[in-house]
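Here the structure is laid out as structure tokens; the discussion comes afterwards.
The values are calculated or read from the model by the stated rules, or taken from the named source; none is laboratory data. Everything numeric in this text was worked out from a predicted model, so none of it was measured. Backbone-built Cβ (ideal geometry, glycine too); neighbour counts: all protein chains shown. Each accessible area value is taken on the protein alone, full model and side chains, heavy atoms only, with ligands, DNA and RNA left out. Shrake-Rupley method; radii C 1.70, N 1.55, O 1.52, S 1.80 Å.
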Amino acid sequence: GTTTTTRDDDVDVGAFAVDVDGCATHAWRGTWTRGASACAMRAWTLARTGCGDEDDAETRGRGRGGKRGRRGRENALAWVMREDVGETCGFGRLVAAARGNRVGKLIEGRRAAFLGDSGARNAYGGFVAATSDAWSDVSLTTKDGEKHRDWAHDLVGGAKATFTWAPYASDVVDALDAYGERDAPDLIVISTALWHVLHDESVSRYKTTMAALGARVRAIEAAHPKVVIVWIDAALVIRDKLVAEDKRVKFTDTNLARYAKIRDDQKSTRIVLPAGPAVRVRAREITALCGAECSVDGVHYRPVVYDAVAQIILNIARSRWR
């Protein structure tokens with residue numbers, strides 16, 4: 001087996017004792033392990049595929065589980081959290097169907113709202129799978145194959161989760177406005193950028209709507225100090241796998257960086273920490289570590305990647321709800 005690691009030796013976990021955001025902001029740190037070693041039992045393995053697990057992201061709803069010997073594990077893949085971060089923060093894999101289930105207590109009676117594009121939708125799928133009873137339908141499929149739609153699921157512990165298709169930042173603002181500041185969910189997960197790059201092409205308009213979104217999430221946090229707000233970065237785009245010409249033209253590193261700069265703006269946008277309330281899940285770094293072979297079409301990735309993102313989100317919530 002092989003391992004791909006993050007360049008994160010500068011992380012001082014000792015400082016987490018005084019940095020209230022330390023655990024949340026570093027929850028994404030980890031490695032991808034491949035081959036038979038990916039199937040080894042590790043305390044910090046958050047998501048894996050190819051090991052015959054019943055909750056394997058890539059066999060869910062298609063003849064789940066099944067024993068698998070040492071042969072056939074050469075394509076196994078696992079996301080393993082950085083050990084010192086996991087140990088310091090008390091992180092780990094959170095799955096409702098697991099023995100000694102801690103998920104029900106964590107999310108009991110809470111509401112989670114995922115808002116945005118396919119990045120948010122796919123993370124929602126992983127989140128629902130981790131927080132639902134084993135017999136629940138978590139496939140996110142419809143007879144007509146429609147993907148650009150909303151979803152709602154009942155989770156363990158009486159919790160509820162929703163996904164709202166909101167590919168533009170203005171759509172996310174509208175969706176949050178519909179809740180109102182006093183009725184905001186306990187967990188809000190947002191992902192929006194790529195539709196702006198592909199269909200809108202106005203960086204200035206994105207900046208304006210992102211500033212409005214920043215104002216909205218700051219107002220929600222002010223009214224609900226315990227709310228957890230997460231921002232999922234856009235995944236790494238693998239241009240060699242893009243088929244559509246408009247995507248190949250527009251999804252350049254330079255163009256994508258212009259939009260990412262607006263997300264990170266600490267003066268006008270103020271969405272992500274430290275000026276804003278949102279904790280970033282650094283999906284670009286996570287997918288870059290997985291490599292081009294993990295990408296399905298240049299934009300979207302294998303289900304195990306989104307299971308890992310969902311586990312990171314759950315651990316971020318865990319760090320805040322103690």
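Below are the figures for this structure:
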{"read-out": "Cα gyration tensor shape for the chain, rounded if a/c is under 1.5, else prolate or oblate", "value": "rounded"}
{"read-out": "Order of exposure, largest accessible area first, which applies to GLU285, GLU74 with probe 1.4 Å", "value": "GLU74, GLU285"}
{"read-out": "Environment charge of VAL304, counting only residues whose C-beta is closer than 9 Å and scoring Lys/Arg +1, Asp/Glu -1", "value": "-1"}
{"read-out": "Global form of segment 112-186, assessed from the alpha-carbon gyration tensor, a/c cut-off 1.5", "value": "oblate"}
{"read-out": "Among ILE229, ILE312, ILE188: highest mean-square fluctuation, GNM of the chain, C-alpha pairs under 10 Å", "value": "ILE188"}
{"read-out": "Area projected by the alpha carbon convex hull of segment 144-189, averaged over all directions, nm²", "value": "4.2 nm²"}
{"read-out": "Relative contact order (%) - criterion: Cα under 8 Å, at least six apart; region: the chain", "value": "20 percent"}
{"read-out": "Accessible area of the chain divided out per residue, in Å², using a probe of 1.4 angstrom", "value": "47 Å²"}
{"read-out": "All lysines inside 18 Å of LYS226 as judged from Cα atoms, apart from same-chain residues fewer than 8 positions distant", "value": "LYS105, LYS160"}
{"read-out": "Value at 222 nm in deg cm²/dmol, rounded to 500, when DSSP H runs of n ≥ 4 in the chain each add -39,500 (n - 2.57)", "value": "-10000 deg cm²/dmol"}
{"read-out": "Area of ARG258 that stays accessible when all protein chains are in place (1.4 Å probe, Å², to 10)", "value": "120 Å²"}
{"read-out": "Cα gyration tensor shape for segment 164-322, rounded if a/c is under 1.5, else prolate or oblate", "value": "oblate"}
{"read-out": "Accessible area of the chain belonging to carbon and sulfur atoms, whole % at 1.4 Å probe", "value": "48 percent"}
{"read-out": "Gaussian network model of the chain, springs between alpha carbon atoms under 10 Å - residue of GLY109, GLY50, GLY119 with greatest fluctuation", "value": "GLY109"}
{"read-out": "Table column - 3J(HN,Hα) (Hz), segment 163-168, Karplus curve with 6.51, -1.76, 1.60, x for Gly and Pro", "value": "10, 10, 5, 8, x, 9"}
{"read-out": "Cα centroid of segment 98-145 to Cα centroid of segment 180-242, whole Å", "value": "20 Å"}
{"read-out": "Segment 168-258, relative contact order [Cα under 8 Å, separation at least 6], %", "value": "39 percent"}
{"read-out": "Nearby lysines by direct alpha-carbon distance to LYS207 (threshold 17 angstrom, same-chain neighbours under 8 apart not counted)", "value": "LYS261, LYS267"}
